[in-house]
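Reviewing the structure listed below.
The values are calculated or read from the model by the stated rules, or taken from the named source; none is laboratory data. Treat the numbers as computed from the prediction; the structure is a model and nothing was measured. All Cβ positions, glycine included, derive from the backbone under ideal geometry; neighbour counts span all protein chains shown. What goes into the accessible areas is simple: the full protein's heavy atoms, side chains included, and nothing from ligands, DNA or RNA. Shrake-Rupley method; radii C 1.70, N 1.55, O 1.52, S 1.80 Å.
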Amino acid sequence: MTFLDGHPPRTGETTGLTAVLDRSGIDLRRPFRRFLRLPWPTLRGLDIRTPSLLSMALDGHGLRSGGVRLDLHLDGGVCRLHVDGTPASELRDRLAAWAADEAGPPEPLPATPPPPPRQVRGPVDVVRVSLDIWRAAGVGRESVPDRGTLAYRLSVAEDHRLCGRFTEAVALLEPLAAGAAAAFGPLDSDALAVRNALGQAYLAAGQVDDGLDVLREVLTAAEHGQGADGDLALVIRNNLAVGYQQAGQYPQAIELHERNIRHSERKHGQLSRQTVGRRNNLAATLALAGYRRRAIALYWEVLDALPAGAHDDTLAVTARQNLAILHNPSWRP
């Protein structure tokens, strides 16, 4: 591909990224032969920005106003190029259009299949698993005397879930959710956190309908008790979107992420890290749904919203990496 003119005809370069000097007008700051062919697997990140006056003064050597700086993050470092006479927005649009056209019709990622049943080895292992489930259920049914106890039991349930012991997590969380609501009220933030964890445990166990039902109920309760812009509502709404994504129901997931961005902008501001992170979540869902160009545009928004000095910020690194992946036409969700 060339950076300005699409895929050059009759080059045979269908699997590599090729900079063609005589067609794109790209100035290379290092020996050209090193960057003639850049295979996609070596491309770890992509960044396109209008150089600032400070960067032109410090980097110099061919950077000019009216052009754009293009950084290719490779296994061996960063290849920095300058494209003269083209605004950053135009170069981004051309690259995105090329990638989308070459990739063809969108192919969304199918719904996540349920996890395989846990492997048990012999009668002793069956007994051990049964005892673990019995203990977890027993702990969940005990009365909740204080918030410290509730937090401890919730942590134990999360450990079960993260270790793949979904049955134990559900067995602990189902009665614990009822106990927390009885002890502190159904709209209490700690009680809602337990129900949120229960919904996530259902999803992890492959009980998608149960998980979505619980998370929808918890979101309604959190919005009623703390407002649609509340931090807990933002977290639960994101988890519900992830659940819809897991179910392959992308329109619902995208709508929830878009709502979360609007609520986050009101709560934290348009350029806050919380809001930028939620734009990143929407971009990831758009990519998995097959909306390559919309995802690319949103990842550029994420990069533009982060401070200039946040080059190594986790969100910036993730956005650059995902932009490199999405510009590879052979990538599929």
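Charges were assigned to the Cβ only: +1 to each Lys and Arg, -1 to each Asp and Glu. The resulting dipole of the stretch 137-215 about its Cα centre is roughly 120 debye. When you count the other C-beta atoms within 10 angstrom of each residue and take the mean per peptide, 267-280, 237-250 line up highest first as 237-250, 267-280.
As a length-normalised measure over Cα pairs under 8 Å and 6 or more apart, the relative contact order of the stretch 143-229 settles at 24 percent.
Decide, for the stretch 59-206, between rounded, prolate and oblate: order the square roots of the alpha carbon gyration tensor eigenvalues as a ≥ b ≥ c, take rounded if a/c falls under 1.5, and otherwise choose prolate if a/b is larger than b/c, else oblate. Prolate, since a/c reaches 1.5 and a/b exceeds b/c.
Got a sec? Which residues in the stretch 154-183 would a label at residue 249 touch, if it sits 7 Å along Cα→Cβ and we count backbone N under 17 Å? From the stretch 154-183, the list is empty. Kindly identify the stretch 96-138 as rounded, prolate or oblate by the Cα gyration tensor criterion: order the square roots of the eigenvalues as a ≥ b ≥ c, call it rounded if a/c is under 1.5, otherwise compare a/b with b/c, prolate if a/b is larger, else oblate. Here the stretch 96-138 falls in the prolate category.
Its alpha carbons give the stretch 205-333 an Rg and a Dmax of 15.2, 47 Å. Dimensions of the stretch 214-265 along the principal axes, based on C-alpha atoms and rounded to the nearest Å, stand at 29, 25, 12, largest first. Note on the stretch 131-253: Cα Rg divided by 2.2 N^0.38 Å, N the number of residues, gives 1.01. Here, the stretch 277-333 yields an orientationally averaged convex hull projection of 3.4 nm² when only Cα atoms define the hull. Solvent-accessible area of residue 128, all protein chains in place: 130 Å² (probe radius 1.4 Å, heavy atoms, ligands and nucleic acids excluded).
Which percent of the accessible heavy-atom area of the stretch 203-257 goes to carbon and sulfur, probe 1.4 angstrom? Ligands and nucleic acids excluded, carbon and sulfur reach 49 percent. Using the average count of surrounding beta-carbon atoms within 10 Å as a protection proxy, the listed peptides 188-196, 305-313, 286-294 rank, highest first, as 188-196, 286-294, 305-313.
The relative contact order of the stretch 207-333 comes to 16 percent, based on Cα pairs under 8 Å that sit 6 or more residues apart. Taking 1 over the mean of 1/r across every pair of different Cα atoms in the stretch 82-161, what Kirkwood radius in Å do you get? Result for the stretch 82-161 stands at 18.9 Å.
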